[in-house]
Amino acid sequence: MEIGKQIAWYRINTLWFVLLIVVSIGAAFTYAPTAQATIDAFEFKNDELRTRYQDLAAVLRCPKCQNQNIIDSDAGIAADLRQQVYRLLNEGYTDDEILDFMVARYGNFVLYEPPVNSLTYLLWYGPFVLLFLAGIVVFFLLRGNRSAAQAAQQINEDDRERLNKLLNKKSD
Amino acid sequence: MKRRLMLFIPLVIFFVMGLFLWQGLKLDPRELPSALVGKPFPTFTLSTVKDESAAITENALKGQVSLVNVWATWCVACRQEHPELVRIAQESGLKIFGLNYKDTRPEAIRWLDEYMDPYQFSLFDEDGRVGLDLGVYGAPETYIVDKDGIVRYRFVGVIDRQVWLNELLPEVNKWR
């Protein structure tokens with residue numbers, strides 16, 4: 001392959017790689033709201049309570065059916081927890097107090113977003129460490145490519161010289 | 001030479017990840033640690049299945065190591081483990097307290113008459129409020145409570161001979 005083409009090829013490859021990373025990171029931060037599967041006949045005093053109820057029920061995880069929040073789940077325990085959230089809201093509990101109430105009974109498991117503590121550092125910061133390591137690997141790979149490309153050019157010049165010599169000999 | 005060795009890094013990473021994932025296969029994601037282990041049994045005042053006018057509090061559980069078994073007549077697995085509970089009560093002399101969870105009284109009484117009653121008494125938790133305080137998410141569940149009323153162990157699922165001898169009995173003896 002011609003040197004210019006080769007370098008262009010590396011550039012396009014790098015571009016794709018960066019694009020891929022950007023898209024992955026973007027996807028990770030995109031929030032996909034879940035459809036509401038269950039409808040309880042709860043009467044709310046005002047819209048603010050209703051919104052708070054929906055927000056809380058969306059971040060609480062059903063202990064029985066572990067990949068659903070308590071809104072999505074039909075399990076009896078999820079209905080009980082919804083009822084409980086509704087009751088506590090009406091009793092004037094704050095959002096944090098309600099989450100604490102649930103954690104005291106069901107553990108951190110009941111939260112979709114686990115708290116940051118010494119047990120969960122790996123969970124929270126591990127991906128960033130991996131991203132950093134991947135960055136280092138990419139850096140060295142790209143540097144390796146560039147020197148390889150330069151080496152390729154070098155050999156070409158050597159060859160040209162040798163070729164010239166041979167040609168000169170012939171013409172003598 | 002150094003470059004050669006570098007080539008083995010992906011293989012090493014593969015094996016390390018494989019080891020972790022292989023270990024992960026053995027974990028049961030339904031087995032949740034109880035948030036209550038090491039904490040006092042939640043406070044309550046409940047009647048019992050057989051005595052509507054009783055008013056039992058958490059103090060009734062204190063005084064010895066005991067089992068608290070969450071059961072209900074609608075729970076198929078509870079029926080399955082029931083003979084083992086009867087056997088444990090007879091064999092070991094361990095006090096077993098029932099927590100009848102979201103059930104009806106007549107059905108619960110019929111169950112106890114029909115299948116024998118291994119319980120000192122069964123607390124009647126009709127609306128599941130105490131079950132919720134206890135972090136119950138499905139019957140049967142069994143808790144080991146020590147003499148001071150502290151929850152020491154939680155077992156979710158059917159108790160059979162194996163579970164009793166290998167998992168629960170050693171734990172009971174630890175707190176006895």
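Annotations for the structure displayed:
- Of all residues making up the stretch B:65-82, the number that are in contact with a helix residue (DSSP H, G or I) (Cβ under 8 Å, 6 or more places away or on another chain) and either in a helix (DSSP H, G or I) or without any contact (Cβ under 8 Å) to a residue 12 or more places away in the chain (or both): 2
- Residue match in the stretch B:1-10 (condition: within 18 Å of B:Val130 (Cα to Cα) and either within 14 Å of chain A (Cβ to nearest Cβ) or without any contact (Cβ under 8 Å) to a residue 60 or more places away in the chain (or both)): no
- Among (1) touching a Cys at 6+ places or on another chain (Cβ under 7 Å); (2) within 14 Å of chain A (Cβ to nearest Cβ) - the single one B:Trp71 does not satisfy: (2)
- Test: residue in the stretch A:82-99 that is of a type in the set (Phe, Trp, Tyr), over 30 Å from A:Leu20 (Cα atoms) and modelled with pLDDT of 85 or more: yes
- Failed condition for A:Ile70, given (1) surrounded by 14 or more Cβ atoms within 10 Å (Cβ to Cβ); (2) more than 14 Å from chain B (Cβ to nearest Cβ); (3) among the β-branched types (Val, Ile, Thr): (2)
- Checked against the criteria, A:Val85 counts as more than 10 Å from chain B (Cβ to nearest Cβ), β-branched (Val, Ile, Thr) and under 16 Å from B:Arg129 (Cβ atoms).
- Residue within the stretch A:36-47 that is modelled with pLDDT of 80 or more and within 14 Å of chain B (Cβ to nearest Cβ) present: no
Let's see how each residue does on (1) over 30 Å from A:Thr14 (Cβ atoms); (2) basic (Lys, Arg):
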{"position": "A:Ala75", "(1), (2)": "yes, no"}
{"position": "A:Ala78", "(1), (2)": "yes, no"}
{"position": "A:Pro127", "(1), (2)": "no, no"}
{"position": "A:Gln153", "(1), (2)": "no, no"}
{"position": "A:Arg160", "(1), (2)": "no, yes"}
{"position": "A:Asn168", "(1), (2)": "yes, no"}
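- Meets criteria (more than 13 Å from every other protein chain (Cβ to nearest Cβ), among the aliphatic types (A, V, I, L, M) and either within 21 Å of B:Val37 (Cα to Cα) or touching a residue at least 12 places away in the same chain (Cβ under 8 Å) (or both)) for A:Leu111: no
So that you can scan it fast, the table gives a plain yes or no per residue for (1) of a type in the set (Phe, Trp, Tyr); (2) under 30 Å from the mean Cα position of the chain (by Cα):
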position	(1), (2)
A:Phe101	yes, yes
A:Phe109	yes, yes
A:Leu122	no, yes
A:Leu131	no, yes
A:Phe140	yes, yes
A:Ala148	no, no
A:Ala152	no, no
A:Arg160	no, no
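- Selection within the stretch B:17-57 - in contact (Cβ under 8 Å) with a residue 24 or more places away in the chain and away from chain A (no Cβ under 14 Å): B:Leu46, B:Ser47, B:Thr48, B:Val49, B:Lys50, B:Asp51, B:Glu52, B:Ala54, B:Ile56
- Filter result (of a type in the set (Gly, Ala, Ser) and away from chain A (no Cβ under 11 Å)) within the stretch B:127-155: B:Gly149
- Residue in the stretch B:117-126 that is more than 19 Å from B:Pro42 (Cβ to Cβ), away from every other protein chain (no Cβ under 14 Å) and modelled with pLDDT of 90 or more present: yes
- Residues that are of a type in the set (Gly, Ala, Ser), within 25 Å of B:Arg154 (Cβ to Cβ) and surrounded by fewer than 16 Cβ atoms within 10 Å (Cβ to Cβ) within the stretch A:80-123 comprise A:Ala104, A:Ser118, listed in sequence order.
- Just one of the listed residues (B:Asp113, B:Asp28) is among the acidic types (Asp, Glu), closer than 25 Å to A:Val110 by Cα and modelled with pLDDT under 95, and it is B:Asp28.
- Annotation note: of B:Val158, B:Val172, the sole residue that is assigned to a loop (DSSP other than H, G, I, E, B) and either in contact with a helix residue (DSSP H, G or I) (Cβ under 9 Å, 6 or more places away or on another chain) or away from chain A (no Cβ under 14 Å) (or both) is B:Val158.
The values are calculated or read from the model by the stated rules, or taken from the named source; none is laboratory data. Computed from a prediction, not measured in an experiment: that's the story for all the values here. Glycine gets a Cβ as well: all are built from the backbone with ideal geometry, and neighbour counts include every protein chain shown.
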